[in-house]
Amino acid sequence: MIRFTRVSKSYPRTGTAVNDVSLQVNKGEFVFLTGASGAGKSTLLKMIYMEERPTTGEVRVAGTSSVTAKANDVAKLRRKLGIVFQDFRLLEHRTIEQNVGFALEVIGAPSTVIGGKVARVLTQVGLAAKGRALPRELSGGEQQRAAIARALVNDPFALIADEPTGNLDDRATRGIFQLLREINAQGTSVIMATHNLELIRRNEFRTIEMARGQIVFDSAEPASTAERRTP
Amino acid sequence: MSRALRDVLDDFRRTPLLSALGVTTIAFSLFALGLFGLVALNIRQALEKLEDRVEIRAFVAPGTTPEDMGQAAGDVASFPEVQSARIVTSEMALKRAQSELGEFRDVFEGAVLPGSIDVQLKPGRRDPATVKSVAERVKRFSFVDDVRYGEEWIEKLYRLRNIAGIAGLALGFAFAIVSVIIIGATIRMAVLARSKEISIMRLVGATDSYIRRPFLLEGFAKGVLGGLLALVLTWIAQTMINRYVIETIFFTARVALLGLLFGALIGLIGSAVSVGRHLRRV
Ligand SMILES: Nc1ncnc2c1ncn2[C@@H]1O[C@H](COP(=O)(O)OP(=O)(O)OP(=O)(O)O)[C@@H](O)[C@H]1O
Ligand SMILES: [Mg+2]
């Protein structure tokens, strides 16, 4: 489903961000990605949705290879992925419904199906009553739910979440995490970068820790380089 | 309404001045082309008419007898290209010059004009090459001093037409460049204003061509508007010239349409160049 083969990424000015990473994530998995600031988590996620391409090595996602993919292939790939961020990235002047519908509209979905899909996914994330609200009229947790709804509306096979709870208080964090678990329970892979060790400790999901661009721990391969366990 | 069309209207609303400036420069570009194009067109029209009247005039030496002239005219008339050859005596030439020049007739008071043999070619045989070859044969008569066939005139008109054409092209080209730059600047602002939207479009898998479409449409629309404006301006200018200067002809519908298309092309190029550059930075 998602496979990294000896992937390195270096930036012109900042040097190596990801260093010789090999990794596989299977269908339906839930994966925590953790590590200190600057460890390369976001860069790794960006290579999954091909915002960045490896300097060496190959990333394969659902049959799309980072080596050969053209811009159009990347666009097609992203229609099969859901992506959420710490800062929600909603359009302020559009309602929640419009924000979610936007994701369908701009990939040319027929307008007749958009309304139904938006309503279904807003119900799924618990925002059925707030579709007509503007983003600034919602709490942070609700805004993140809206962003997740937008990510889900295309029925992605995997959800990529880069610190989705980074801006939220504990309560809202638990709510969002619960939602991600439900989404995962329905068969969608979830890859979530987080600094929230509490969350990681309390859940028995696969955990990958990065440091200085390398994977230093992967609970799915305890035999490999289990140098140290997250405290 | 399609999202691309809505985006175009949004941009016109967001930057009305710059948008209007873009349309206006395209209009000026095409107006310059149009005006000089009209000049060139009308000169060409005149040249065609002139060709219809093409006449070879062989001036004879002073003292040539009408008999000699008649004999020669008969010979010339038997050339296969020639329709008619008629003799004009010195007196007839003077009368003709006076009547042609109307109010300036006094200029010829007491002048002596040479007689001539005027040769009219058959229709379809009036091309420059034939004219020249006939003129050369006519020149062989010993008493023929000089042969004229309006070559200087025609050449001057041709040159004038070329100058008008080049001037129009140069001015039109300069304005076209300016409009490409201005349209590019407008697109740049539109891209920046919509950068967040664009990055979300990318994130959810919109294709580049989809993202570009509203910007290209915007350039296209401005080009067409500019073209229409230029057409109206050119038409007004022509109407004024007709009323106050001389009767002229206007472009055919097809040429006018071509002008519109050219405007659309300028707008499209302006936005395409800019959108490619700026989308990469979003
Ligand atoms: N666009 C970029 N251009 C240049 N260098 C970059 C870029 N993005 C990341 N880097 C560098 O790559 C390294 C890894 O950054 P990355 O954002 O992947 O870390 P992270 O693990 O996500 O950190 P955080 O937990 O703070 O989000 C950093 O040293 C950073 O300076
Ligand atoms: Mg990060």
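The values are calculated or read from the model by the stated rules, or taken from the named source; none is laboratory data. Because the structure is predicted, anything quoted here is derived from the model rather than measured. So basically every Cβ, Gly included, is an ideal-geometry build from the backbone, and we count neighbours across all protein chains shown. Calculation scope for accessible area: heavy atoms of the full protein, side chains included, ligands and nucleic acids excluded. Shrake-Rupley method; radii C 1.70, N 1.55, O 1.52, S 1.80 Å.
Assuming B:LEU38 fulfils every condition listed in (1) part of a helix (DSSP H, G or I); (2) loosely packed, with under 13 Cβ neighbours inside 10 Å apart from one, which condition is it?
Of the numbered conditions (1) part of a helix (DSSP H, G or I); (2) loosely packed, with under 13 Cβ neighbours inside 10 Å, the odd one out for B:LEU38 is (2).
Suppose the filter is open to solvent by less than 70 Å² (accessible area, probe 1.4 Å), within 14 Å of another protein chain (Cβ to nearest Cβ), assigned to a loop (DSSP other than H, G, I, E, B) and not charged (D, E, K, R); does A:ALA103 pass it?
Against the criterion (open to solvent by less than 70 Å² (accessible area, probe 1.4 Å), within 14 Å of another protein chain (Cβ to nearest Cβ), assigned to a loop (DSSP other than H, G, I, E, B) and not charged (D, E, K, R)), A:ALA103 does not qualify.
Would you mind telling me which numbered condition in (1) within 16 Å of ligand 2 (Cβ to nearest atom); (2) over 19 Å from A:GLY35 (Cβ atoms) A:ILE191 fails?
In the conditions (1) within 16 Å of ligand 2 (Cβ to nearest atom); (2) over 19 Å from A:GLY35 (Cβ atoms), A:ILE191 misses (2) alone.
Within segment A:31-42, is there a residue that is outside any loop (DSSP other than H, G, I, E, B), near ligand 2 (Cβ under 9 Å from one of its atoms) and crowded, with 16+ Cβ neighbours inside 10 Å?
Yes, there is a match, as at least one residue in segment A:31-42 is outside any loop (DSSP other than H, G, I, E, B), near ligand 2 (Cβ under 9 Å from one of its atoms) and crowded, with 16+ Cβ neighbours inside 10 Å.
When the residues of segment B:13-24 are narrowed to those that are in contact (Cβ under 8 Å) with a residue 40 or more places away in the chain and within 34 Å of the chain's Cα centre (by Cα), which ends up farthest from the other protein chains (Cβ to nearest Cβ)?
The residue in question is B:THR24.
Can you report the number of residues in segment A:106-123 which are away from chain B (no Cβ under 11 Å) and surrounded by fewer than 21 Cβ atoms within 10 Å (Cβ to Cβ)?
10
Looking at segment A:49-77, which of its residues are free of Cβ contacts under 8 Å to residues at least 40 places away in the same chain and in a strand (DSSP E or B)?
Within segment A:49-77, A:THR64, A:SER65 qualify.
Open to solvent by less than 60 Å² (accessible area, probe 1.4 Å), within 30 Å of A:ALA128 (Cα to Cα), under 13 Å from the mean Cα position of the chain (by Cα) and within 16 Å of ligand 2 (Cβ to nearest atom), is that true of A:PHE88?
Here the answer is yes, as A:PHE88 does meet what is asked.
Out of all the residues in segment A:1-19, which are touching a Lys or Arg at 6+ places or on another chain (Cβ under 6 Å), open to solvent by 50 Å² or more (accessible area, probe 1.4 Å) and either in a loop (DSSP other than H, G, I, E, B) or near ligand 1 (Cβ under 8 Å from one of its atoms) (or both)?
A:MET1
Could you go through segment B:194-201 and let me know if any residue there is in contact (Cβ under 8 Å) with a residue 40 or more places away in the chain, open to solvent by 80 Å² or more (accessible area, probe 1.4 Å) and more than 18 Å from the chain's Cα centre (by Cα).
no
Scan A:GLN98, A:GLN144 and give me the residue that is within 13 Å of another protein chain (Cβ to nearest Cβ) and polar (S, T, N, Q).
A:GLN98
Listed residues A:THR64, A:THR56; which is farther than 13 Å from A:MET210 by Cβ, of a type outside the set (A, V, I, L, M) and out of contact with any helix residue (DSSP H, G or I) (no Cβ under 6 Å at 6 or more places or on another chain)?
A:THR56
What number of residues within segment B:184-209 satisfy the criterion of being within 12 Å of another protein chain (Cβ to nearest Cβ) and part of a helix (DSSP H, G or I)?
12
Within segment A:131-146, does at least one residue satisfy the condition of being within 16 Å of ligand 1 (Cβ to nearest atom) and out of contact with any helix residue (DSSP H, G or I) (no Cβ under 7 Å at 6 or more places or on another chain)?
Looking through segment A:131-146, none of the residues is within 16 Å of ligand 1 (Cβ to nearest atom) and out of contact with any helix residue (DSSP H, G or I) (no Cβ under 7 Å at 6 or more places or on another chain).
Can you name every residue in segment A:151-206 that is among the aliphatic types (A, V, I, L, M), touching a residue at least 60 places away in the same chain (Cβ under 8 Å) and within 16 Å of ligand 1 (Cβ to nearest atom)?
A:ILE160, A:ALA161, A:ILE191, A:MET192, A:ALA193, A:LEU197, A:LEU199, A:ILE200
Tell me yes or no: at least one residue of segment A:124-143 is within 16 Å of ligand 2 (Cβ to nearest atom) and open to solvent by 10 Å² or more (accessible area, probe 1.4 Å).
No: segment A:124-143 contains no residue that is within 16 Å of ligand 2 (Cβ to nearest atom) and open to solvent by 10 Å² or more (accessible area, probe 1.4 Å).
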